[in-house]
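Heads up, the thing below is written out as structure tokens.
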Amino acid sequence: MKVLIIGSGGREHALAWKFAQSANVTEVLVAPGNGGTALEAKCRNIPLSAPVASKEGIAECLQATRAEKIDLCVIGPEDPLAVGIVDQFRAAGIAVIGPDQAAAQLEASKSLSKDFMQKHGVRTAGSSTCDSLSEASTKVREHFAAAKAAPLVIKADGLAAGKGVVIAENLKVALETLDEFMSKGSLGDAGKTIVLEEFLRGVEVSVLAAVSVEPGKAESATIVPFISARDHKRRYEGARGPNTGGMGAIAPVPDFTETARKDFKEHILQPTLKGLIQEGYDYRGFIFFGLMIEENRCSLLEYNVRLGDPETQAVLPLMNSKIDELCQAMLTGTLKDFPISWSAGASCAPVMVAEGYPSAIRKGDTISIDQETLKAADVRVFVAGALLQDGELRTSGGRVLAVSAKAADAEQAREKAYAGIKAIQWNGMGFRTDIGTEKAEQK
Ligand code: AMP
Ligand code: GLY
């Protein structure tokens, strides 16, 4: 079988690697891919002349599926999903993993997503949606007048690449945020409508899952959750510094107990499944539940309509099942009977970033990797922001790569990952030293 993966990040490298592991898969093409997928065994990049979420980019991907006789296509990132790449591919008769455009709005629109949660009884924070500055300002003033000490969460409605959520500790910050999002338009159209949300306390857990929901086939519809994961979003040790796209991930999460998992299934997973069926979505793809958990009680912060990044880089190495077989089960309505299996161990995947990240970054630095040290550490490098140029890997993005290690337990996985990091060097590189320790999320 020949597989096409669309995207260019660390998640797509991990997916490409996982597909390439399967004996059923002869070749994995990645459009446009990165320096890591260019070097990965059985993998080949397909350059694109336009972004994957543009009309031209989608047309090029569609053309590639025909020219290369692709048997299965997997969409990695959210933006092509939000503009309907899956609808176009399905209409063209291509086997594709991802939600249709209507379902992809569960990530692309926070207000739609909150409406879905409320309508279908998915436990989440109380919220209200505002599309005018005056209405939002009034609500914000009311909140801080009534509950001075409680922060308020302000979310831009649209896709904002991780910049659309502000936890306002006081009225001043809240009003400034509204001004930035709604008047100054700092996020473009994404911030024209906002969601005001009750602040929840607790610890965050990410649950990635496989979904098989097809209109008219409710009896075979199911969501199969993967092992739990956590990403560490702050730039510096001890959860300090600015938010990033993720400085490292672990799987599974020790504090996601059996009780919490049961609560998640009852109050979040099952109502979500019922909702997806009732809305008539064609959702044969991956979903990401961003949970806040307090005393084993789960609330849903957000859906992402794709696999998480960098969680995927920690989770997929622990999956024993063949991912192409999992995808076939999602597409053919047999996911309920699919015997998904996981390694009993743990993994740890710290991310290495470019100088300046998450602000302006330096690019173009040559990455040197001491292959012997890397081999001795027994780790896997998943590239995100680096390209292969003149035979060298050179940095091209903020999050450059993740070093993913798996072992019998979390402590050993962490030790291996950090031994692997020692093999890698470039000018200005940075990483957190505490991924996989208890201190990583302490404030
Ligand atoms: P979201 O994109 O909705 O997941 O929000 C991004 C991040 O903001 C989350 O990962 C949380 O750390 C934080 N956050 C979002 N909503 C809330 C909330 N209601 N209470 C507390 N923290 C939140
Ligand atoms: N790690 C969170 C995300 O993928 O959005």
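Numerical summary
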read-out	value
Residues Asn243 and Arg44, FRET efficiency given R0 of 45 Å [Cβ-Cβ distance, rounded to 0.05]	0.85
Carbon and sulfur %, accessible surface of the stretch 369-413 computed with the full protein complex present, 1.4 Å	45
Farthest positive-ward along the stretch 295-356 dipole, Cα basis, beta-carbon charges - from Ser343, Gln313, Ala329	Ala329
Loop-located trypsin sites (Lys or Arg not before Pro) in the stretch 1-84 whose Cβ has at most 11 other Cβ within 10 Å (DSSP)	Lys69
For the stretch 103-192: rounded, prolate or oblate by the Cα gyration tensor [a/c cutoff 1.5]	oblate
Share of Cα-Cα pairs in the stretch 152-297 lying beyond 26 Å, as whole percent	40
Sequence-separation-based contact order of the stretch 204-308, relative, with Cα cut under 8 Å and 6+ spacing, percent	34
Solvent exposure ordering (accessible area, 1.4 Å, most first) of Ser396, Ser49, Ser109, Ser183	Ser49, Ser183, Ser396, Ser109
Pairwise centroid distance, computed over Cα atoms, of the stretch 285-304 with the stretch 219-252, Å	11
Cross-link reach list, lysines versus Lys18, counting only Cα pairs under 17 Å and skipping chain neighbours closer than eight places	Lys2, Lys42, Lys322, Lys406
Rounded percent of accessible protein surface that carbon and sulfur make up, the stretch 255-328, 1.4 Å probe	41
Solvent-accessible surface ranking, highest first, for His120, His267 at 1.4 angstrom	His267, His120
Unit charges at the beta carbon, dipole of the stretch 61-155: most positive-side option, Gly126, Ala147, Gly98	Ala147
CD proxy at 222 nm, helix term only [per DSSP H run n ≥ 4: -39500 (n - 2.57); per residue of the chain; nearest 500]	-8500 deg cm²/dmol
Cβ-Cβ FRET estimate between Thr366 and Trp342, R0 fixed at 35 Å, reported to 0.05	0.40
Heavy atoms of Ile293: accessible area, 1.4 Å probe, square angstrom to 10	10
Accessible area of the chain divided out per residue, in Å², using a probe of 1.4 angstrom	41
Area accessible to solvent at Arg234, 1.4 Å probe radius, in Å²	80
Heavy atoms of Thr244: accessible area, 1.4 Å probe, square angstrom to 10	20
Estimated vicinal HN-Hα couplings, Hz - the stretch 48-57 in sequence order (Karplus 6.51, -1.76, 1.60; Gly, Pro = x)	10, 8, 9, x, 4, 8, 8, 4, 5, x
Violating pairs (Cα-Cα greater than 24 angstrom) within the set Lys172/Lys192; Lys119/Lys262; Lys192/Lys363; Lys184/Lys233; Lys363/Lys422	Lys192/Lys363; Lys184/Lys233
Note, ³J(HN,Hα) from phi for the stretch 266-282, Karplus 6.51, -1.76, 1.60, rounded to Hz, x at Gly and Pro	6, 9, 10, 5, 5, x, 5, 4, 4, x, 4, 5, 4, 6, x, 6, 9
Difference of contour (0.36 nm per residue) and Cα-Cα distance, Lys69 to Val203	43.7 nm
Dipole magnitude of the chain, debye to nearest 20 (Cβ charges: Lys/Arg +1, Asp/Glu -1, about Cα centre)	240
Accessible heavy-atom area order of Glu266, Glu438, highest first, probe of 1.4 Å	Glu438, Glu266
Distance between the stretch 409-443 and the stretch 50-71 - C-alpha centres, whole angstrom	37
Simple spin-label estimate for Gln425 and Asp189 in nanometres, 7 Å along Cα-Cβ	4.9
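The values are calculated or read from the model by the stated rules, or taken from the named source; none is laboratory data. None of the values given here were measured: they were computed from a predicted structure. FYI the Cβ positions are ideal-geometry reconstructions off the backbone, even for glycines, and counts take in every protein chain you see. Accessible surface areas use protein heavy atoms only, side chains included; no ligands, DNA or RNA. Shrake-Rupley method; radii C 1.70, N 1.55, O 1.52, S 1.80 Å.
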